[in-house]
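Reading through the structure tokens given below for one structure.
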Amino acid sequence: SAVISQKPSRDICQRGTSLTIQCQVDSQVTMMFWYRQQPGQSLTLIATANQGSEATYESGFVIDKFPISRPNLTFSTLTVSNMSPEDSSIYLCSVEGTGSNYGYTFGSGTRLTVV
Amino acid sequence: GQQLNQSPQSMFIQEGEDVSMNCTSSSIFNTWLWYKQDPGEGPVLLIALYKAGELTSNGRLTAQFGITRKDSFLNISASIPSDVGIYFCAGPRGGGSEKLVFGKGTKLTVNP
């Protein structure tokens, strides 16, 4: 399975600022996924990022708030813009399994605290 | 959309005890995935199930894909302190979608 490097692992940010999270994969993948995990909650999909096209956002998430880049098949970034305390969460990137394997792999996550 | 109902929400057990948790849905799933999340880490895949009735083991872990395709369970035998964490069930949304939907998780605490 793919190995994902995600950074930063954690950050404390001032409200109103933006943070960009990076996700690097050790192999080429078609789709990359960004999730949010609010404190004590399950994972919620933010968007799907395909190389060469705009990301597809889930209901409740918009590009202005969570712009995503996908410049190549091994890298993606998620920016959390104009942050408020409600954005304090763990943000995770994930890549699809290979073939018929739905065993998606996750990065170790970015723990964001907005003060 | 499809939802996964996971229970129990939390468990407190003694080391050496067996554990069972389950996941149900009102919709059919063609794949069931069980993940474990350690504190400060991303979820790690434990077991993937692809066929109704399938029973799969991974060390002390055993998971089954329900015959109706609407449920799955995960058992942990002879629990140890490192089993502590949050266990999530997940499955693809269906309709050709590659996107996963997750249960709310079962938080496991193991007392030595």
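No value in this document is a laboratory result; all are computed from the given coordinates. Predicted model only: the values in this text are computed from it and were never measured. FYI the Cβ positions are ideal-geometry reconstructions off the backbone, even for glycines, and counts take in every protein chain you see.
Of B:Cys23, B:Ser79, B:Leu108, which is farthest towards the positive pole of chain B's charge dipole, taken about the Cα centre with +1 and -1 on the beta-carbons of Lys, Arg and Asp, Glu respectively?
B:Cys23
Applying the Karplus parametrisation 6.51 cos²θ - 1.76 cosθ + 1.60 with θ = phi - 60° to the phi angles of region B:99-112, what ³J(HN,Hα) value in whole Hz is obtained for each residue in order, glycine and proline being reported as x?
7, 9, 10, 10, x, 7, x, 10, 8, 9, 10, 10, 8, x
If you take the alpha carbon radius of gyration of chain B and divide it by 2.2 N^0.38 Å, what ratio comes out, to two decimals?
Working it through for chain B, the quotient is 1.02.
Dipole magnitude of chain B about its Cα centre, charges +1 at Lys/Arg Cβ and -1 at Asp/Glu Cβ only, in debye to the nearest 20?
The calculated dipole for chain B is roughly 440 debye.
Roughly how large, in nm² to one decimal, is the mean projection of the convex hull of the alpha-carbon atoms in chain A?
Its Cα hull, projected and averaged over all orientations, spans 6.8 nm².
Could you work out the Kirkwood radius for the protein assembly as shown, taking every pair of different alpha carbons, averaging 1/r and inverting it, reported in Å?
This gives a value of 18.1 Å.
Residue by residue, what Karplus-based ³J(HN,Hα) values in Hz, rounded to whole numbers, does region A:106-113 have, using 6.51, -1.76 and 1.60 with θ = phi - 60° and x for Gly and Pro?
Ordered by residue, 3J(HN,Hα) equals 10, x, 7, x, 10, 8, 9, 10 Hz.
Within region B:1-106, report the GluC sites (Glu not before Pro) that DSSP leaves as loop and that have at most 16 other Cβ atoms within 10 Å.
Filter output for region B:1-106: B:Glu15, B:Glu17, B:Glu41, B:Glu54.
Taking the Cα centre of chain A as origin, sum charge times position over the Cβ atoms of Lys and Arg (+1) and Asp and Glu (-1), and report the length of that vector in debye to the nearest 20.
Using only the charged Cβ atoms, the result is roughly 240 debye.
Using a Gaussian network for chain B with springs between C-alpha atoms less than 10 Å apart, which of these wobbles most: B:Ser20, B:Ser82, B:Ser72?
B:Ser82
What list of ³J(HN,Hα) couplings, whole Hz, do you get for region A:34-43 from phi and the Karplus terms 6.51, -1.76, 1.60, once you set θ to phi - 60° and write x for glycine and proline?
Coupling constants for region A:34-43: 10, 10, 10, 10, 6, x, x, 10, 7, 8 Hz.
Work out the charge dipole of the protein assembly as shown with +1 on the Cβ of Lys and Arg and -1 on the Cβ of Asp and Glu about the Cα centre, then indicate which of A:Thr56, A:Gln22, A:Leu43 is farthest towards its positive end.
A:Thr56
How big is D, in µm² s⁻¹, for region A:20-64 by Stokes-Einstein at 37 °C and 0.692 mPa s if Rh is the Kirkwood radius over C-alpha pairs?
275 µm²/s
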